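Asks: Next up is a structure, given as structure tokens.
The values are calculated or read from the model by the stated rules, or taken from the named source; none is laboratory data. On a predicted model such as this, the values are computed, not experimentally measured, just so you know. When we count neighbours, we look across all protein chains shown, and the Cβ atoms used for this are built from the backbone with ideal geometry, even at glycine.
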Amino acid sequence: MAAYRKRNLVTHYDLCIVGAGLIGSAAARHATLAAPRLKVCLIGPKEPKDRHQCKHGIFGAHYDEGRITRLFDKDRIWAELSKRSIERYNEIEVKSGKYYLKVGHGKQYERELRTPEEVSDWYKTEGDKNALKPLLDGLFQFVRGVTPVSTQGDCCVTTHTPTCYPYCDMITPLLGIIVGGNGYAAKSADEIGRMGARMIIAGKWDHDLPQQRFKAKFKVDKNRPVSRL
Ligand SMILES: Cc1cc2nc3c(=O)[nH]c(=O)nc-3n(C[C@H](O)[C@H](O)[C@H](O)COP(=O)(O)OP(=O)(O)OC[C@H]3O[C@@H](n4cnc5c(N)ncnc54)[C@H](O)[C@@H]3O)c2cc1C
């Protein structure tokens with residue numbers, strides 16, 4: 001619970017969600033749907049005008065005009081998360097009147113970034129310039145008869161957990177986390193957010209998918225401070 005003070009007004013919240021990205025926004029939406037009386041606060045910066053020059057450093061992973069969205073997946077859990085989310089897209093869609101075609105890439109353009117500085121520097125670029133032409137050529141080999149109004153390449157960073165699933169877990173009786181999209185979570189964010197909202201309202205696991213898959217794993221560190229929450 002948090003309090004927000006403006007002049008002499010103090011508002012108390014029952015639930016504060018930090019990070020107004022894809023999963024945080026979905027968690028706030030589902031918390032409000034599941035418990036309309038709950039006072040929910042969603043905290044996070046607005047999308048900057050120039051996301052490559054964000055003054056806070058890295059803005060987030062959720063900017064992008066188009067997303068690769070698919071039902072099938074060789075992993076049953078990820079397939080289920082995207083299926084349930086896609087079924088609810090009509091509840092949240094905003095029509096812009098524009099159409100975007102997005103193409104992703106394979107391992108040939110990927111590399112590991114090891115430090116926050118490396119990630120931050122990469123985020124200020126518009127991606128690998130050598131990748132754009134071969135990817136567009138490949139796309140329009142399959143999608144015929146379409147003349148794009150414009151084309152654009154951009155950079156991307158994905159975070160991966162050792163389990164290959166997002167961590168959705170209670171850390172203390174009052175604090176929960178949902179992190180680690182593994183590069184898949186845009187299309188599946190609505191169900192992941194719902195899973196987190198149900199967990200934080202119940203204070204424990206409250207979802208039909210197996211809890212074990214979403215348990216957070218921590219590095220063993222004897223000097224790690226213990227939370228008093
Ligand atoms: C360029 C790009 C393309 C992608 N394409 C696809 C795709 O096609 N299909 C797909 O399924 N997935 C895709 N992904 C992955 C997907 O976007 C992520 O898995 C998803 O956004 C993760 O959601 P999230 O809420 O965890 O993080 P984010 O969406 O990054 O949201 C985190 C939010 O937290 C905020 N924040 C950070 N620190 C703080 C703080 N201290 N206080 C308050 N707020 C804070 C950030 O500003 C941000 O708004 C892509 C990712 C990128 C970067």
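Asks: Quick check, is K102 within 12 Å of the ligand (Cβ to nearest atom) and either loosely packed, with under 13 Cβ neighbours inside 10 Å or more than 25 Å from K217 (Cβ to Cβ) (or both)?
Replies: yes
Asks: Just checking, does segment 25-33 include any residue being within 8 Å of the ligand (Cβ to nearest atom), at positive phi and touching a residue at least 12 places away in the same chain (Cβ under 8 Å)?
Replies: Among the residues of segment 25-33, not one is within 8 Å of the ligand (Cβ to nearest atom), at positive phi and touching a residue at least 12 places away in the same chain (Cβ under 8 Å), which makes the answer no.
Asks: Moving on to the next point. All but one of (1) without any contact (Cβ under 8 Å) to a residue 40 or more places away in the chain; (2) within 30 Å of R29 (Cβ to Cβ) hold for K129, so report the exception by its number.
Replies: (2)
Asks: Moving to a separate point now. Name the residue, out of I68, I43, I86, that is surrounded by 12 or more Cβ atoms within 10 Å (Cβ to Cβ), in contact with a strand residue (DSSP E or B) (Cβ under 8 Å, 6 or more places away or on another chain) and at pLDDT 80 or above.
Replies: I43
Asks: Quick one: would you say A79 is among the small types (G, A, S), without any contact (Cβ under 8 Å) to a residue 60 or more places away in the chain and either more than 13 Å from the ligand (Cβ to nearest atom) or surrounded by 10 or more Cβ atoms within 10 Å (Cβ to Cβ) (or both)?
Replies: Considered against the rule, which asks whether it is among the small types (G, A, S), without any contact (Cβ under 8 Å) to a residue 60 or more places away in the chain and either more than 13 Å from the ligand (Cβ to nearest atom) or surrounded by 10 or more Cβ atoms within 10 Å (Cβ to Cβ) (or both), A79 comes out as yes.
Asks: In the list A189, A185, A202, which residue meets the criterion of being of a type in the set (G, A, S) and away from the ligand (no atom under 16 Å from the Cβ)?
Replies: After applying the criteria, what remains is A202.
Asks: Quick check on this structure: which one of T151, T163, T147 is surrounded by 14 or more Cβ atoms within 10 Å (Cβ to Cβ), in a loop (DSSP other than H, G, I, E, B) and away from the ligand (no atom under 12 Å from the Cβ)?
Replies: Unique residue meeting the criteria: T163.
Asks: Still on this structure, please answer the following. Out of the residues in segment 21-72 meeting the condition of being polar (S, T, N, Q) and not in a loop (DSSP other than H, G, I, E, B), tell me which one is nearest to the chain's Cα centre (by Cα).
Replies: S25
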